[in-house]
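Notes for the one structure printed next.
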Amino acid sequence: RRAIRQHTALGLLMIDIDHFKLFNDTYGHQLGDVCLSNVAKIIMKTASRMTDFVCRYGGEEFTVILPDTDNVLVIAEECRLAVEALCISNQKSTVCEHLTISVGAVKIAPNADSSLYEFINMADKALYQAKEKGRNQVVYFDCMQVIKK
């Protein structure tokens, strides 16, 4: 609603920890919980403006809401690099020997006819593409046109 009122861009990141089930199976759920906490902290440190909102979406997925920003792709890539830089071992992963994330990123200019469901769905599609392309990457949709209901 704020983005609609202020006519500003709104960004959304959908983040998935790559091969997290393998991590849990290899290192155990206690270390899995520590891993989730460390990833959450580094994402919050990266998306650090007062208006940025980071939350766990479920399992090993996180979302980041980025109001009033043109830097959605930059922040998404910074999150990806920051998680990779943690150098958390994930030796069973087919992507990398360290823990990595895949990110679906979307930027829109919402208005009163915009659909929140479509916005989330677009970020989810971008995440799916990042995973299909091999993981440990960002797929970005710049959709500054209006998303209608």
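The values are calculated or read from the model by the stated rules, or taken from the named source; none is laboratory data. What you are looking at is a predicted structure, and each value in this text was computed from that prediction instead of being measured. Glycine gets a Cβ as well: all are built from the backbone with ideal geometry, and neighbour counts include every protein chain shown. In case anyone asks, the SASA skips ligands and DNA or RNA and just uses the protein heavy atoms, side chains included. Shrake-Rupley method; radii C 1.70, N 1.55, O 1.52, S 1.80 Å.
Condition check: under 16 Å from K41 (Cα atoms), open to solvent by 50 Å² or more (accessible area, probe 1.4 Å) and in contact (Cβ under 8 Å) with a residue 24 or more places away in the chain. Does E84 satisfy that?
Numbers: under 16 Å from K41 (Cα atoms): yes; open to solvent by 50 Å² or more (accessible area, probe 1.4 Å): yes; in contact (Cβ under 8 Å) with a residue 24 or more places away in the chain: yes.
Yes; evaluated as a whole, the condition is true for this residue.
For the stretch 100-115, filtering for residues that are out of contact with any Asp or Glu (no Cβ under 7 Å at 6 or more places or on another chain) and either in a strand (DSSP E or B) or without any contact (Cβ under 8 Å) to a residue 24 or more places away in the chain (or both) leaves 5.
The criterion of at least 2 residues that are within 18 Å of the chain's Cα centre (by Cα), touching a residue at least 60 places away in the same chain (Cβ under 8 Å) and crowded, with 20+ Cβ neighbours inside 10 Å is met by the following helices (runs of 4 or more DSSP H) wholly inside the stretch 1-47: 29-46.
Take Y128 and decide whether it is modelled with pLDDT under 95, farther than 16 Å from L36 by Cα and in a helix (DSSP H, G or I). It is false that Y128 is modelled with pLDDT under 95, farther than 16 Å from L36 by Cα and in a helix (DSSP H, G or I).
So which residues in the stretch 58-82 are in a strand (DSSP E or B) and either modelled with pLDDT of 95 or more or farther than 24 Å from D33 by Cβ (or both)? Quick ask: steps written out before the conclusion?
Taking the stretch 58-82 first, the residues in a strand (DSSP E or B) are 58, 61-67.
Passing the criteria: E61, F62, T63, V64, I65, L66, P67.
Only a single criterion out of (1) in contact (Cβ under 8 Å) with a residue 24 or more places away in the chain; (2) among the acidic types (D, E); (3) surrounded by 15 or more Cβ atoms within 10 Å (Cβ to Cβ) is not satisfied by D52, namely (1).
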